[in-house]
Structures are given as structure tokens and as C-alpha cells.
Amino acid sequence: MEIIYKNIDELIPYENNPRLNDEAVEYVKNSIKEFGFKVPVVIDKDNVIIAGHTRIKASKELRIKDIPCIIADDLTEEQVKAFRLADNKVSEKSMWDYTKLDEELNNILDIDMSLFDFDINNNDVEIERIDLSNKEFEKYEIIITCQNEIELEEKYNKLMKGVYMKRIIIACVSLLLLVLLVFLVFPKKQENKNEKVRIAEVTHSIFYAPQYVAISEGFFEDEGIDVELILTPGADKVTAAVLSGDVEIGFCGPEATIYVYQSGEKDYLKTFAQLTKKDGSFLVSREKIDNFKIEDIKGKTIIGGRKGGMPEMTFEWALRENGIDPKEDVNIDTSIAFAAMQGAFIGGTGDFVTLFELSVRKWSLQVKNYMPFKGKNNNSLGNRPYIF
């Protein structure tokens, strides 16, 4: 921040300055004479004063020509107006700690602090104690005479400080008694030794059997963990549940963590474990196709799942690995939510649909559908999470 000196005649008072400061000029003069001009005047690029009108009035009476200034040329016109008001307003919220103030004033011996409107001879407000024990029907008034508004404000604040402190002490004691009463009346229940962990699971699948076995056989309980599985269809909904604090762990495709991180979320998700190597998805056709070949899906509509979701992305990858262009050769419908894919296909949408293994098994018992490779050697894609 650069301080430059301007001739006082170049500085222009703000014509609509709402602050009335004439009574403070004398004290500011005394401050400048005693300590020098230590606080620069803030001006805009046109030399109009933003903060420091009182210092300029005092300087003119002291016939000071060169004024230290800071040019706030980084502020907009609206910010200048706001800063001009805020600079004066915020000081009104300050109060004196009169115990510390008295100590400081008593340690200043060679400087007359009354020049700056400190009342050295009457710092304390003396109030005579009145015995009201036998005069319960009488009222008393205390009259305090002040020299000006500043002294009135200081004495008022000092009086109110004692009132507030009594109220605070009474409130704290009452709160402490209330807390004590609650603990006595409602003794603390014995806590479950196991820590509760809620897991949002994107779907139920036979491929997740290791997790179910670990829960049913008590492996987690042996480690002091009480696991609650919550079915939450769709990786986007799993992600939302973790971010909102409804669950501690989300079980879904790893793509969700990438999307959250790229969105700029400070408290982003982290992938810390892997349960399966395969997604467990199958391609299901509406009509029976004998001797199915992958080329049979060309020109067909396929319900692929949410765009950007792991099942849909791995499906497109699998198509490319088998010589099918997912953009040109087929029509992949990504407008249907994960939980609604099976119902949409039953309702007549699409020629094919990709479904998790457990959904296919249940559905096969209810409606007529076909897995083109059922009963044959599936074209496993190794560790890639997709199966044709």
C-alpha cells in the first residue's frame, strides 16, 4: 500500500458527507500536535476524500500543507460510498473496558489526556448505595451530569456493563443447574459398544455376496462395527446421501467421486476400497435371437442407464471393444433413471436393456425375456466390470 503526499488544497471534501464532526476537530488537532499525522487520508482517483474529513479540517486549522494520502483506486464508485459509511459506522460498535482504561490512563503521566476528551479527574461514576429494605414503596432517581454526548455514552456503557455482567452470571448459573438436573433425572443410557456405520448400497447383487456374508456372519460386529445397509438406487443418489451426512459410506461406481471432485466440492468423496472386479450387468433382449451375434444390436434401441454412470460407460466401452460404435451403430437411451430401467423395458421401451444379475434372475421368473448368451460361454472382459 503506497502512501503519497498531496497538497491540502488539492483534496476535495465529499459534498454529501453525512458525518457531523465539528466537535471532534479540536481533539484531532491536539492528537496531531502531540503525535503527528499518523493516519493517512483515504481519497479516490479524483482526490475526493473518502475517509479523513475531520483530519483535513484539523490540518487546515494547524496550517499543515502536505497531507499523507492513500489512493483507493481499486474500489468501484459503489464500494467507495459503502466504505465511506462503514469506516465511520463500525467505530460506534466499540466499547471501553473501563478497568483496563483506568489502568492505562494512570500509567500516562506526562501527557494531558484531557486534550483528547478523557475525563482524568472523574473516570469513575460514583453511585451511593441506598438502603431500600424499609422503604419498599419509595422510588429513587440517580441524576448524572455529563459535559457532552461522548461522556454520556461512556458513563452509560459503564453502568450497563455491571447490569449485563449480573445477568450473564445469573444465566450461566441457571443453565448449569438445568444441565445438572437433566443428568440427575435422566441418567445416561448405556451406549452400544459397537459403532454404527450406515452404507448406501447402489443395488443388491449376487456379485456383492462377500459383503452380505461378512455382515450375516458377524465379521463386522467382531470389529466393533454395526453395519446398516440402505438400498439407494443410482450412484448420483448414493453420492448425495454421503455428502448430506445421511450415511457414512457410499457403495457405487467410482465415477461419482470424480464428478464431485471436479465440481469443486471442498469436502469431496474418496474411493478407499473395492468389493468386486465385475459390474455384473447383462444385456437382455425383448425377442429371442438364435445364434446371437453382437452385430445383431446394430440399429436397435438399448436402455443403457444414466449418462455418465459406470454401467452405461462400461457398456459403451464393451461395445467399442467388440467393434460397435455406440454413437453411430446403436441408439443408447440414457434418459431413464437406474431404478426405472426394468419397468420401462417391460412397458415397451427399447429393444434391449442392460440389467444387473439379480434383477435378471427375478424378472426371468415373471416375464418372457432373453439373454442372448444364456447357456453359452459369456464373453468375459476380464477385470473390466462388464459382461456380454
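None of the figures in this text is laboratory data; all of them are computed from the coordinates on show. Note that the coordinates shown come from a computational prediction; the quantities given were computed from them, not determined experimentally. Backbone-built Cβ (ideal geometry, glycine too); neighbour counts: all protein chains shown.
List of remarks:
- Fewest-first sequence of LEU243, LEU11 by Cβ atoms within 10 Å of each Cβ: LEU243, LEU11
- By the count of neighbouring beta-carbon atoms within 10 Å, fewest first, LEU20, LEU181 end up ordered LEU20, LEU181.
- Built amide H within the under 5 Å cut-off of ILE50, gap 5+: VAL42, ILE43, ASP44
- Taking ARG63, ARG55, ARG198, ARG320 and counting other C-beta atoms within 10 Å, the order from fewest to most: ARG63, ARG320, ARG198, ARG55
- Nonlocal amide H pairs with SER281, under 5 Å, H built at 1.01 Å: ILE387
- Derived scalar couplings ³J(HN,Hα) [the range 220-234; Karplus, 6.51 cos²θ - 1.76 cosθ + 1.60; whole Hz; x for Gly, Pro]: 5, 4, 4, 9, x, 10, 9, 8, 10, 8, 10, 5, 9, x, x
- GluC sites (Glu not before Pro) restricted to the range 263-310 and DSSP loop, no more than 16 other C-beta within 10 Å: GLU265, GLU287
- Subset of LYS38/LYS93; LYS237/LYS300; LYS38/LYS60 violating a 19 Å alpha-carbon distance limit: LYS38/LYS93; LYS237/LYS300
- Share of pairwise Cα separations in the range 52-94, more than 16 Å, in percent: 54 percent
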